[in-house]
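The structure under discussion appears below in the form of structure tokens.
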Amino acid sequence: MKATTLFATLRLVNLYLAVFAAAGLPLNGGQYLKLGFGGGLSSSSHAVSFVNLEGADSPFSLPFTTGSGLGFNGFHRLSYKLVDPLWAGLQIDISHTTLRFRADELLESDDGTVQAAEHHLDAALTRIGIEPFANFSLGSELDVSLGLQFGFAIDSDHEELRIGSDSVDGMEQIRREVLSKGPLPNLRQGAPALRIALGYSRTLASNLAVQARLFARRRFDAPVNGLDWTVTDFGIDLALLFSQEETERILFRDTLHQRDTIVRLQGGLEAERHYRLRSDTIINRRSLPEGVGLISTIHEEYVRVIPEERPLLDGNLEVRFLDENGEEYSEINVSVIERSRRTFYSILPYVFFEADAAELPQRYRRLQPQATPSYVLHRRSKPTALGIYYDLLNIIGRRMRDHPAATLQLTGCNGGSEGERGGRALSRSRAEAVQRYLMRVWDIDDGRLQLHARDLPAFPSLTNDERGLPENRRVELESDTPAILAPLEILDTIRIASPPAVRFYPLALSEAGLADWRLDVNSGRGLVKSFSGEGRPDRSIDWYMSDDLGFVALENNQLDCVLHLRDIEEQSFQTSTATIRFHLDTLNANSLRQEATIERFSMIFFAYDDAAMAGQYQYLLDEIEPRLASAQRISIVGTTDVIGDENYNRRLSLSRAQTIASLLHIQNAAIRGDGEDARSFPNALPEGRFYSRRVDIYLER
């Protein structure tokens, strides 16, 4: 390539960048500007109809009709994002193409004979192309572009030949005759061509990518004036694309001047001191005090950068407190008192099964026979009613061993003719599954285990409700010895908060829309309680602290509450910490060994939608009644499951509490109905719904 070609290319590149800079486009605009360098290969197809180039003397009369060519190019590309996903840009390239045309013709020689001759035209063309283009992104990797290229020839060469054969001394020899040679005449400058390209990009680093493109190009005008000549190119190119990491978008440029003034104290001081005054300090040279000399004034130029706006995501968490009467307070002294508690967990004497199945579900705890000698009724540090219930078969097995004269009746049931296939055969198989476990693991003699089978239980749950049917798929356990199914007694330590409940008011503001939220309550040792959900949180969330404070380490006498928000654009926000401060009154070791100050009887007395106590639980009331005389305070609380109307369930829960108070002949008890209890037990499970249909009795001394 000639030196003039390289010089012209560099000049065009410099002019290209200068135009963008003069237009004020943000060259440091992150992914709003991409700079690329690369090269490619192309193959061209030529449709022509000319005999020879202008000024060439040719013996041929038949025109060239087709031709072909190969080329390579190097380019510089700059693109700017207008609106997502549309980009605009400019490409400057320099290309070199070789062309070849051929036509065969019969020519008459000087001696009158006719001979075959080949007409060849070989050419080379070097051009600079300037191509404005539009680019449309099809995702993170694919794009399609459409450009209009204007070509300017900077160098060319050609050679036109006649190739034939002559017979000399009986031997045929190839004869080459040059018809014309030199630069291509009458080259057209600025000829337009339309290019369409499909690109694939692959990211190499945060600000570097490689792109491969397939393109097709059609030139509208002949490279040489006056000739019938059209060109179609197909090719591939490869480019490296550079961009800065997308951190913030420059919305406008604003040049300001900031002045800092440095002064020096002079005049008999041991050492000179220099001070930088604030930029808004006004210095009057004439009013400088003696001994103060002005050193310099510094001017700094900077570009103000405004971050690109994101959808609003903000929030707040307010904490209030509820006393026993439901009164709300914004500020109150919270006290947490440790008390010893004896809890009586009633045993739900049912084992539930999956539909059309007779295998024991996995949620029931099972032991190996060799583990039964060391089994204790309950050793967990944080016992729960459901945790005890899932140990039901082992509790029964241990008690049957401890009472060798006791018998156990196992009655298998099913969901009824419309709710389950298998009938009484399935019911018996379920009873046999319980029998097998007690015999194989706990070595209970089969003569002590009486099997019965029926369809629906004697007191069935709803048979026309999808939540009632699983409650009827069960094995019922009854014993002639009350100790077998007696409540499990556990002595532990609890913490009672006063006031008993915290009411959170979570506020969330999201322009894009809230995806999910989480409210965490933390002590110095870790998470105490967490609430979460999708979309927007409820207006208020109540937390009864005593339920969760009993088994956590409390430090610094405070709990930290934080609301976490996330919107649909994956933005996250965390509110400032709301603090619950309290005074902790601990229980010493001597107090722990004394008689429990609180007794709780958690009793499952009721069938679905019923406020009358089932007769088989009378022995439990007989055990509670002698303890009433020493109680200073008695509370009776009724609850229901979540099936049915909420207001109706609240009235039903109160009726259940009143039923127990009447049966115990209690006149001075605090009686209340809490309605639906989805907080303590998972109502999606049949056992969770049964444990929700209960009455809790609290005795305080």
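The values are calculated or read from the model by the stated rules, or taken from the named source; none is laboratory data. Remember, it's a predicted structure, so these values are computed and weren't measured experimentally. Methodologically, a virtual Cβ is constructed for each residue, glycine included, from the backbone with ideal geometry; neighbour enumeration extends over all protein chains shown. The area values use the complete protein model at the heavy-atom level, side chains included, leaving out ligands, DNA and RNA. Shrake-Rupley method; radii C 1.70, N 1.55, O 1.52, S 1.80 Å.
Quick look at the numbers
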quantity	calculated
Pick from the stretch 626-658, criterion among the acidic types (Asp, Glu) and either touching a Gly at 6+ places or on another chain (Cβ under 7 Å) or in contact (Cβ under 8 Å) with a residue 40 or more places away in the chain (or both), ranking: least open to solvent (accessible area, probe 1.4 Å)	Asp641
Close pairs (7 angstrom Cβ cut-off, 6 or more residues apart or separate chains): without any contact (Cβ under 8 Å) to a residue 40 or more places away in the chain and assigned to a helix (DSSP H, G or I) in the stretch 681-701, open to solvent by 50 Å² or more (accessible area, probe 1.4 Å) and hydroxyl-bearing (Ser, Thr, Tyr) anywhere	none
Only one of Ile332, Ile306 that is open to solvent by 40 Å² or more (accessible area, probe 1.4 Å), within 30 Å of Ala670 (Cα to Cα), part of a loop (DSSP other than H, G, I, E, B) and at pLDDT below 75	Ile332
Qualifying residue in the stretch 554-561 (condition: part of a loop (DSSP other than H, G, I, E, B), open to solvent by less than 40 Å² (accessible area, probe 1.4 Å) and under 20 Å from Leu317 (Cα atoms))	no
Among residues of the stretch 608-643, those that are in a helix (DSSP H, G or I) and touching a Pro at 6+ places or on another chain (Cβ under 9 Å), counted	4
Ser680 being over 19 Å from Pro487 (Cβ atoms) and either out of contact with any strand residue (DSSP E or B) (no Cβ under 9 Å at 6 or more places or on another chain) or of a type in the set (Gly, Ala, Ser) (or both)	no
Identity of the residue in the stretch 371-390, more than 13 Å from Glu489 (Cβ to Cβ) and in contact with a Leu (Cβ under 8 Å, 6 or more places away or on another chain), that ends up modelled with the highest pLDDT	Tyr389
Residue that is at pLDDT 85 or above, of a type outside the set (A, V, I, L, M, F, W, C) and more than 30 Å from Glu354 (Cα to Cα), where the choices are Pro506, Pro470, Pro460	Pro506
Criterion (β-branched (Val, Ile, Thr) and either modelled with pLDDT of 85 or more or open to solvent by 80 Å² or more (accessible area, probe 1.4 Å) (or both)) met by exactly one of Thr232, Thr255, Thr281	Thr232
Matching residues in the stretch 186-207 - criterion: being out of contact with any Gly (no Cβ under 9 Å at 6 or more places or on another chain) and under 13 Å from Arg127 (Cα atoms)	Leu187
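Yes/no matrix, rows are residues, columns are (1) closer than 30 Å to Arg202 by Cα; (2) open to solvent by less than 20 Å² (accessible area, probe 1.4 Å); (3) in contact with a Ser or Thr (Cβ under 7 Å, 6 or more places away or on another chain):
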| site | (1), (2), (3) |
| --- | --- |
| Ile92 | yes, yes, no |
| Leu106 | no, no, no |
| Ala116 | no, no, no |
| Pro132 | yes, no, no |
| Ser145 | yes, yes, no |
| His158 | no, yes, no |
| Ile163 | no, no, no |
| Lys181 | no, no, no |
| Leu187 | no, no, yes |
